[in-house]
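*Asks:* Take this structure first; my questions come after.
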Amino acid sequence: MIEVRKLQKTFVQPGGEAVPALLGIDLVMPSAQFLTVIGSNGSGKSTLLNALAGAFFPDTGTILIEGKDVTRTPEYRRAGLIGRVFQDPYKGTCPSMTVAENLRMAELRGLRRGLRIGLDADCRARYHDLLASLRMRVENRLDALIGTLSGGQRQAITLVMATIRRPQLLLLDEHTAALDPRAAEQVLTVTRQVVGEHKLTTLMVTHSMEQALELGDRTIMMHRGMILADLSGDERKQTTERDLLERFARLRHTMEYTAQMGVRGEP
Amino acid sequence: MSVGFWLAALTLGCAYIALAWGVYLAARVLRFADISPDGTFPLGAAVAAALLVHGVHPLVATAAAIAAGMAAGYVTAILHTRLGVTDLLSGILVMTALYSVNLHVMGRSNISLLDTETLVTRLHALAPMTKAWPDDVTFGLLFLAIALLLGGGLSWFLKTDFGIAIRSVGDNPAMITAQGVDRRGMVELGLALANGLVALSGALIAQYQGFADVSMGVGTLVAGMAAVILGETLWSRGRSLVATVVMVAVGALLFRSLVALALRVGLNPIDLKLVTALFVLGALALPRLRRRAKGGAR
């Protein structure tokens, strides 16, 4: 279970201007839930994801992963609990290292990296099988430098890296947005497969309303650092993209109206 | 050109291999613009020389030189990782400070080692038959043995689980944190290792040439870069790790040979550093110039 309580973060820009990014987020995700997060630019959806990952510490509030308080745990130490895939397919892997070395690095996430050559025949056989399940013809390229693979292949491998040891939380940050439609579709298929197979607690940020409703079993909509809508179950099933857009416009209008009236205070 | 000429060049080249690997580790593996070798190279020479004239065992003196280099490299790293100083400036600060440190270590601006024990005099005592060999041969074989040992160690190290993590630090700093690697710790350890190698090179060369001088560090980094670049040019990057490590060593040998050759055919020693700098500049600028020539305006 992931528990986010009263999470607040205000960024201070170089000019000294304070930009509130998260205004007291409360979010509880039961284990194995696949949550999609939508919202416009600056809505705080990526900030929420980065807060969970530990890229920065929140001003107030707490983050619990399976009961463990990680609010002040540095990013690299939290990484043992979390798998992450970035939007930029070039960000998730080490280009001048081989596919096998990248997988090995991911496999030791959160573990001790010893002075021994751990990348043995056993590992390679395991990686081969893992990659074969992608059906992207990368399983025979274990010794290829990752930089020589396509964006889609790299992103799929990043997904394998993120889940090679079952993470308590999988964070997907618009991970198909930078791919061409065909590669994006392939990576989404792999996403469904991996998340379903291991019953991973997953938070996926996306720009696409269609993707948000189609994947997973719960959708939240964010705007200006707050959660505006939270859909799951039958309600979510009956919701269309169009409903979502309308609902978004309505809620945003209400919110701005109340803001003008000066009632928006501490959520 | 005589056998002796090439022997001297290659012996010096063998002593430079550790330096080339140190520069390779910092500049290529960690992608850290570390200029501290200009200070840690003479530091290694100074520490070894100061201890040798006090009658310390050459092995201990050489080990102490490595330790001193590692400490200095560690300082460069923490200036960057803990205090937020840019990588280039961290190295410059340490290099500058080391000039004074080196003078203190030696007590004067140079130390002669002609009458002291060195690794080679110890070898003579250990294996009397080596006494008959020319010094260049004994030193050359000794340096070669050290290089083989180090090269094997370095290739192995970079392939271990820990080595993979160190390599990832330079390759993609954005993702390593997400993979649970502590970037700061890796940079600190990596630079310590790199400058330990550089200092070892300094200690070996001081024993070979029979003196340590406070100004012997000028141009160390550029010489090391030249060796790395030569090695990479002979065998383009990204082949295999072991091949790259070997080629950097070959680059060091080639660099010293080219220097010896240039001096032999009449290059004024005063111009040596200028020519080396121009060579490195050329190697760095060539890819860009070539791109421009192809019409890809950048």
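The values are calculated or read from the model by the stated rules, or taken from the named source; none is laboratory data. All values derive from a computational prediction rather than experimental measurement. Every residue, glycine among them, receives a Cβ derived from its backbone with ideal geometry; neighbour counts consider all protein chains shown.
*Asks:* Give me a count of the residues in segment A:73-108 that are part of a loop (DSSP other than H, G, I, E, B), under 21 Å from A:Thr202 (Cβ atoms) and within 9 Å of another protein chain (Cβ to nearest Cβ). First the steps, then the outcome.
*Replies:* Step one: list which residues in segment A:73-108 are part of a loop (DSSP other than H, G, I, E, B), which gives A:73-74, A:79-81, A:86-97, A:108.
From what is left, the residues that are under 21 Å from A:Thr202 (Cβ atoms) are A:73, A:79-81, A:86-89, A:91-93.
If we keep only those that are within 9 Å of another protein chain (Cβ to nearest Cβ) too, we end up with A:79-80, A:86, A:88, A:91-93.
Qualifying residue count, segment A:73-108: 7.
*Asks:* Right, next: On the basis of being without any contact (Cβ under 8 Å) to a residue 12 or more places away in the chain, at the interface with chain B (Cβ under 9 Å from one of its Cβ atoms) and either basic (Lys, Arg) or out of contact with any Pro (no Cβ under 8 Å at 6 or more places or on another chain) (or both), does A:Arg113 make the cut?
*Replies:* Numbers: without any contact (Cβ under 8 Å) to a residue 12 or more places away in the chain: yes; at the interface with chain B (Cβ under 9 Å from one of its Cβ atoms): yes; either basic (Lys, Arg) or out of contact with any Pro (no Cβ under 8 Å at 6 or more places or on another chain) (or both): yes.
Considered against the rule, which asks whether it is without any contact (Cβ under 8 Å) to a residue 12 or more places away in the chain, at the interface with chain B (Cβ under 9 Å from one of its Cβ atoms) and either basic (Lys, Arg) or out of contact with any Pro (no Cβ under 8 Å at 6 or more places or on another chain) (or both), A:Arg113 comes out as yes.
*Asks:* Of the conditions (1) within 14 Å of chain A (Cβ to nearest Cβ); (2) closer than 17 Å to B:Gly190 by Cα, B:Gly151 fails just one. Which one is it?
*Replies:* Looking at each condition in turn, B:Gly151 falls short on (1).
*Asks:* Please verify whether segment B:110-124 includes one or more residues that are small (Gly, Ala, Ser) and assigned to a helix (DSSP H, G or I).
*Replies:* Just the residues of segment B:110-124 that are small (Gly, Ala, Ser), to begin with: B:112.
Then drop every residue that is not assigned to a helix (DSSP H, G or I), which leaves none.
The answer is no, given that none of the residues of segment B:110-124 is small (Gly, Ala, Ser) and assigned to a helix (DSSP H, G or I).
*Asks:* Looking at (1) over 20 Å from A:Val195 (Cα atoms); (2) within 17 Å of the chain's Cα centre (by Cα); (3) of a type outside the set (Phe, Trp, Tyr), find the lone condition where A:Ile2 falls short.
*Replies:* Tallying (1) over 20 Å from A:Val195 (Cα atoms); (2) within 17 Å of the chain's Cα centre (by Cα); (3) of a type outside the set (Phe, Trp, Tyr), A:Ile2 fails exactly one: (1).
*Asks:* Contact list please: Cβ distance under 6 Å, first residue in segment A:238-266 and in a helix (DSSP H, G or I), second residue at pLDDT below 80 and not small (Gly, Ala, Ser), pairs at least six apart or on different chains.
*Replies:* Taking only residues 6 or more apart or on different chains, the pairs are A:Thr258/A:Arg264.
*Asks:* Among residues belonging to segment B:154-173 that are surrounded by 21 or more Cβ atoms within 10 Å (Cβ to Cβ) and among the β-branched types (Val, Ile, Thr), point out the one that is nearest to the other protein chains (Cβ to nearest Cβ).
*Replies:* Residue satisfying both the conditions and the ranking: B:Ile164.
*Asks:* Now for a separate question. Could you grab me the full set of residues in segment A:44-72 that are in contact with a Phe, Trp or Tyr (Cβ under 9 Å, 6 or more places away or on another chain), in a loop (DSSP other than H, G, I, E, B) and either at the interface with another protein chain (Cβ under 8 Å from one of its Cβ atoms) or closer than 24 Å to A:Leu108 by Cβ (or both)? Can you show your working first?
*Replies:* Applying the first criterion (in contact with a Phe, Trp or Tyr (Cβ under 9 Å, 6 or more places away or on another chain)) to segment A:44-72 yields A:47, A:50-51, A:54, A:56, A:71-72.
Remaining after also requiring in a loop (DSSP other than H, G, I, E, B): A:54, A:56, A:71-72.
A:Gly54, A:Arg72 - these are the residues of segment A:44-72 that are in contact with a Phe, Trp or Tyr (Cβ under 9 Å, 6 or more places away or on another chain), in a loop (DSSP other than H, G, I, E, B) and either at the interface with another protein chain (Cβ under 8 Å from one of its Cβ atoms) or closer than 24 Å to A:Leu108 by Cβ (or both).
*Asks:* Among (1) buried (at least 21 other Cβ atoms within 10 Å of the Cβ); (2) hydroxyl-bearing (Ser, Thr, Tyr); (3) within 11 Å of chain B (Cβ to nearest Cβ), which single condition is A:Tyr127 missing?
*Replies:* The one condition A:Tyr127 does not meet is (3).
*Asks:* While we're here: On the basis of being under 20 Å from the mean Cα position of the chain (by Cα) and under 24 Å from B:Met70 (Cβ atoms), does B:Leu230 make the cut?
*Replies:* Working: under 20 Å from the mean Cα position of the chain (by Cα): yes; under 24 Å from B:Met70 (Cβ atoms): no.
Judged against the criteria, B:Leu230 is not a match.
*Asks:* Take A:Gln186 and tell me if it is surrounded by 15 or more Cβ atoms within 10 Å (Cβ to Cβ), more than 14 Å from every other protein chain (Cβ to nearest Cβ) and either within 21 Å of the chain's Cα centre (by Cα) or in contact (Cβ under 8 Å) with a residue 40 or more places away in the chain (or both). Break it down stepwise before answering.
*Replies:* Numbers: surrounded by 15 or more Cβ atoms within 10 Å (Cβ to Cβ): yes; more than 14 Å from every other protein chain (Cβ to nearest Cβ): yes; either within 21 Å of the chain's Cα centre (by Cα) or in contact (Cβ under 8 Å) with a residue 40 or more places away in the chain (or both): yes.
Yes: the conditions hold for A:Gln186.
*Asks:* Is it the case, given these coordinates, that B:Val169 is among the hydrophobic types (A, V, I, L, M, F, W, C), at pLDDT below 95, closer than 21 Å to B:Leu88 by Cβ and within 22 Å of the chain's Cα centre (by Cα)?
*Replies:* On the way: among the hydrophobic types (A, V, I, L, M, F, W, C): yes; at pLDDT below 95: yes; closer than 21 Å to B:Leu88 by Cβ: yes; within 22 Å of the chain's Cα centre (by Cα): yes.
Yes.
*Asks:* OK, next. With B:Leu204, B:Leu221, B:Leu234 as the choices, which residue is touching a residue at least 24 places away in the same chain (Cβ under 8 Å) and closer than 26 Å to B:Val3 by Cβ?
*Replies:* Of the residues listed, the single one that is touching a residue at least 24 places away in the same chain (Cβ under 8 Å) and closer than 26 Å to B:Val3 by Cβ is B:Leu204.
*Asks:* Output yes when any residue across segment B:39-53 is within 18 Å of B:Phe255 (Cβ to Cβ) and touching a residue at least 24 places away in the same chain (Cβ under 8 Å), and no when none is. Lay out the reasoning, then the answer.
*Replies:* Looking only at segment B:39-53, we keep the residues that are within 18 Å of B:Phe255 (Cβ to Cβ), and these are B:41.
If we keep only those that are touching a residue at least 24 places away in the same chain (Cβ under 8 Å) too, we end up with B:41.
Checking segment B:39-53: at least one residue is within 18 Å of B:Phe255 (Cβ to Cβ) and touching a residue at least 24 places away in the same chain (Cβ under 8 Å).
*Asks:* Checking the conditions here, which among B:Gly210, B:Gly219 is small (Gly, Ala, Ser), in contact with a strand residue (DSSP E or B) (Cβ under 7 Å, 6 or more places away or on another chain), closer than 30 Å to B:Ala49 by Cα and surrounded by fewer than 24 Cβ atoms within 10 Å (Cβ to Cβ)? Spell out how you get there, then give the answer.
*Replies:* On the way: B:Gly219 fails: in contact with a strand residue (DSSP E or B) (Cβ under 7 Å, 6 or more places away or on another chain).
Testing whether each residue is small (Gly, Ala, Ser), in contact with a strand residue (DSSP E or B) (Cβ under 7 Å, 6 or more places away or on another chain), closer than 30 Å to B:Ala49 by Cα and surrounded by fewer than 24 Cβ atoms within 10 Å (Cβ to Cβ) leaves just B:Gly210.
*Asks:* Among the residues of segment A:23-43, how many are in a strand (DSSP E or B) and not acidic (Asp, Glu)? Quick ask: steps written out before the conclusion?
*Replies:* Start the filter on segment A:23-43 by keeping residues that are in a strand (DSSP E or B), which leaves A:23-29, A:34-39.
Still in the running and not acidic (Asp, Glu): A:23-25, A:27-29, A:34-39.
Adding up the residues that qualify gives 12.
*Asks:* Among the listed residues A:Gly92, A:Gly83, identify the single one that is under 23 Å from the mean Cα position of the chain (by Cα) and within 30 Å of A:Lys6 (Cβ to Cβ).
*Replies:* On the way: A:Gly92 fails: within 30 Å of A:Lys6 (Cβ to Cβ).
The match here is A:Gly83.
*Asks:* Here's a check for you: in segment A:77-110, which residue that is out of contact with any strand residue (DSSP E or B) (no Cβ under 8 Å at 6 or more places or on another chain) and touching a residue at least 60 places away in the same chain (Cβ under 8 Å) is nearest to A:Gly152 (Cα to Cα)?
*Replies:* Among those that are out of contact with any strand residue (DSSP E or B) (no Cβ under 8 Å at 6 or more places or on another chain) and touching a residue at least 60 places away in the same chain (Cβ under 8 Å), it is A:Pro89.
*Asks:* Right, A:Pro14: part of a loop (DSSP other than H, G, I, E, B), away from chain B (no Cβ under 14 Å) and modelled with pLDDT of 95 or more or not?
*Replies:* Numbers: part of a loop (DSSP other than H, G, I, E, B): yes; away from chain B (no Cβ under 14 Å): yes; modelled with pLDDT of 95 or more: no.
No.
*Asks:* Let me ask something additional. So, B:Val222, is that one closer than 30 Å to B:His104 by Cβ and in a loop (DSSP other than H, G, I, E, B) or not? Don't jump to the end; show me each part of the working.
*Replies:* Numbers: closer than 30 Å to B:His104 by Cβ: yes; in a loop (DSSP other than H, G, I, E, B): no.
For B:Val222, the condition - closer than 30 Å to B:His104 by Cβ and in a loop (DSSP other than H, G, I, E, B) - is not met.
*Asks:* Within segment B:174-226, take every residue that is β-branched (Val, Ile, Thr) and within 14 Å of another protein chain (Cβ to nearest Cβ) and give me the one that is farthest from the chain's Cα centre (by Cα). Write out each step before concluding.
*Replies:* Restricting attention to segment B:174-226, the residues satisfying the condition of being β-branched (Val, Ile, Thr) are B:176-177, B:181, B:187, B:198, B:205, B:214, B:218, B:220, B:222.
So of that shortlist, the ones also within 14 Å of another protein chain (Cβ to nearest Cβ) come out as B:176-177, B:181, B:187.
Working: B:Ile176: 27, B:Thr177: 29, B:Val181: 27, B:Val187: 17 Å.
By that ranking, first place goes to B:Thr177.
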